[in-house]
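Chemist: Following this message is one structure expressed as structure tokens.
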Amino acid sequence: MIGVTVLGGGVAGLCAARALTDRGAHVHLIDRAAAPGPHACSWWAGGMLAPFCEGESAEEPVVRLGQEAAGWWHTHTGLVTRNGSLVLSLARDRADLRRFARRTDGHRAVTATEIAAFEPDLGERFPAGLFFESEAHLTPRLALIALRDGLERDGVTFEQREATPADLPGLVVDCRGYSARDDLPDLRGVKGEMLVLRCPEVTLHRPVRLLHPRIPLYIVPRGDGIFMLGATMIESSERGGVTARAMLELLSSAYALAPAFAEAEVIEIGVDIRPAYPDNMPRVARTNNLIRLNGLYRHGFLLAPAMARQVAEAVFDQQTEEALP
């Protein structure tokens, strides 16, 4: 049996451990924390499994590889909701909606009446939209916990401590994200800011993207009147707090989507640093007994399953296929 040490217990590390275990490896996972939590950027993810929507700005491999995600997460956690994605714009931003449609596949145009049927709490305030029927979403925190619990049941061992690849013997898979920046000089941080709201007055059944001149708002239902609202993308590796501008823009966009969000309670404010390479594409690279999986950028839950599969192929089949255009 092949023994592998995985460094990092975020979405990349847990998915890699799952893919390796499924291929028959004996996996030991080391992370600085005892369990998934707010120390990892994947804790603050939106959880949208929306490869076709991401095609508006991302490279082709994101769309292609991302189509593996919903089935993978359903198989390994059973927590996927397959209600599609809805993309909307205010009347004044109809040109943005047309541009989004030209740049993406897998959608159909919907009318105000259809939008109201999908999401009654939005009414008929939006004259047109795009419906991506095959897309899905999940709750990242529950998915991370379920994935870790499943690995533990299947014999993966866990250790809480700080470590680097240089500290470890044998075959190592480094999934530390931005924490690996000292070893990866071309890795950069992209700051994301997001809010968690409680608004029992609003019910949504699927992620909704509201096209915005400066930041594309997404709002993802978590159930029981809880919503994830995000997210900014700032070229910065400084965590800090949420900026006043980000808070105002996120909340004003939520209000534009549904005025009832004016009464929402802000229950969490999150800031994370996403690891990204210059081309915003992830990489699986092997040097002798060290395999690095990094650069998931803002596509963690969408691309981690495909990249984890590539890690397992690098271990068992001696091949790598970088997700490059």
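Since every read-out is calculated from the coordinates, none of them should be taken as a lab result. Computed from a predicted model, the values in this text were never measured in an experiment. Virtual Cβ from ideal backbone geometry, glycine too; neighbours counted across all protein chains shown.
Chemist: Tally Lys and Arg at +1 and Asp and Glu at -1 over the other residues with C-beta under 9 Å from the C-beta of T104: what net charge comes out?
Modeler: Local charge sum for T104: -1.
Chemist: Right, here's the next one. Multiply the residue gap between N83 and D154 by 0.36 nm, knock off their C-alpha separation, and tell me the result in nm, one decimal place.
Modeler: Extra length from N83 to D154 when fully extended: 22.5 nm.
Chemist: Only loop residues by DSSP count here, and only those with at most 16 other Cβ atoms within 10 Å; note down the trypsin sites (Lys or Arg not before Pro) in region 233-290 that meet that.
Modeler: For trypsin sites (Lys or Arg not before Pro) across region 233-290 that sit outside H, G, I, E and B with at most 16 neighbouring Cβ atoms in 10 Å, the list reads R239.
Chemist: Please order E152, E235 by the number of other Cβ within 10 Å, starting at the fewest.
Modeler: With the sparsest Cβ surroundings first, the list reads E235, E152.
Chemist: Could I ask something else about it? Net charge within 12 Å of P278 by Cβ-Cβ distance, Lys/Arg positive one each and Asp/Glu negative one each, not counting P278 itself? Walk me through the intermediate numbers first.
Modeler: Details: positive: R188, R283; negative: D186, E235, D279.
Net local charge, P278 excluded: -1.
Chemist: Among DSSP beta bridges lying fully in the chain, give the percent that are antiparallel, nearest 5.
Modeler: Working: 41 of 60 bridges.
Of the beta bridges lying entirely in the chain, close to 70 percent run antiparallel.
Chemist: Then there is this: Please give the length that would be gained between L142 and L248 if that part of the chain were fully extended, namely 0.36 nm times their separation in residues minus their C-alpha to C-alpha distance (nm, one decimal). Intermediate values should be presented prior to the final figure.
Modeler: Working: separation 106, 0.36 × 106 = 38.16 nm, distance 2.85 nm.
Residue separation times 0.36 nm, minus the Cα-Cα distance, leaves 35.3 nm.
Chemist: I want to check the label-to-label distance for I267 and L290. Put each point 7 Å from Cα in the C-beta direction and report it in nm to one decimal.
Modeler: Placing both labels 7 Å beyond Cα along the Cβ direction yields 4.2 nm.
Chemist: Excluding G225 itself, what net charge comes from residues whose Cβ is under 12 Å from its Cβ, given Lys and Arg +1 and Asp and Glu -1?
Modeler: Taking every Cβ under 12 Å from that of G225, the sum is -3.
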